[in-house]
Amino acid sequence: MSNALAPLLGASPESGPPGSPNLSAKVSGRAPRLVRVRVDLHLHSRYSHDSSTSLDALIRRAHECGLDRIALTDHNTAEGALELAKLAPELTIVGEEAKTREGELIGLFITRRVPPYLRPEEAMDLIHEMGGLTYIPHPLDRNRSHFRSERIVELADRIDIIETYNPWAGPDANRAAAELAAELGKVAATGSDSHGIEEIGRSWMEVDEYDGPSDFLEKLRRARHVVTSASGTTRRA
């Protein structure tokens, strides 16, 4: 695959809330072109205890890598993501990686913090009440907080997305996650889980431009997953 990266797609003042599409073609009366955007749905900043990446560095790196949207999913806080949405609204999907009583859970397109150590059902319902999407990261990675496979089956009605590639999970865990997602009919996602600035831009998804969380979820089902040879080649920050 070519390493050439497309330029960042700009967003007009009419683009709407953080992470929403560029609506300029519709405003001008022209028929909108089919556009694909590069998205990373799982990464961290200095607002996580295990990352030192500043928001400014995150913005610069996303532009350098040609990423059009990034979901900032810091551990147990949405503070950094909400601040990033103020600095770069056209780039940001507000997210959080919250620890529940059983495993870690990402909320995407959220509007406030998901408190840690809730029951999984409570945390997922809270995300949906905000109009967001639920995303299970590294679901079967035994080295990190994760849900048992039977609990994922029990929670399936509340789950929107299952991460089927995480660079820090072993091949067997990623393969099992992909099989589980397919069995449950869930949307699959590739996440960089970047904790260091150099890890950003090594894996992403290419998704048709979307209009809000529900449309995003539907189009994510048809997304192209891109994993470069550099993905997962360095130790996590």
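No lab work stands behind these numbers, since they all come straight from the coordinates. Being a predicted model, the structure only gives us computed values, none of them experimental. Counting neighbours? That spans all protein chains shown, and the Cβs are built from the backbone with ideal geometry, glycine included.
Restricting the range 180-198 to residues that are part of a helix (DSSP H, G or I) and touching a residue at least 12 places away in the same chain (Cβ under 8 Å), the residue that is nearest to Ile106 (Cα to Cα) is Ala181.
Could you list all residues from the range 50-91 that are in a helix (DSSP H, G or I), crowded, with 22+ Cβ neighbours inside 10 Å and touching a Phe, Trp or Tyr at 6+ places or on another chain (Cβ under 6 Å)? Correct list: Gly80 only. Could you count how many residues in the range 92-126 are surrounded by 24 or more Cβ atoms within 10 Å (Cβ to Cβ) and free of Cβ contacts under 8 Å to residues at least 24 places away in the same chain? The qualifying residues number 1. For the range 178-194, the set of residues classified as within 25 Å of Ser48 (Cα to Cα) and crowded, with 20+ Cβ neighbours inside 10 Å consists of Ala189, Thr190, Gly191, Ser192, Asp193, Ser194, listed by residue number.
Criterion applied to Arg60, Arg113 was being basic (Lys, Arg) and within 24 Å of Val207 (Cα to Cα), and the one residue passing it is Arg60. Reported count of residues in the range 199-227, each being in contact (Cβ under 8 Å) with a residue 12 or more places away in the chain, loosely packed, with under 14 Cβ neighbours inside 10 Å and either part of a helix (DSSP H, G or I) or over 15 Å from the mean Cα position of the chain (by Cα) (or both), is 2.
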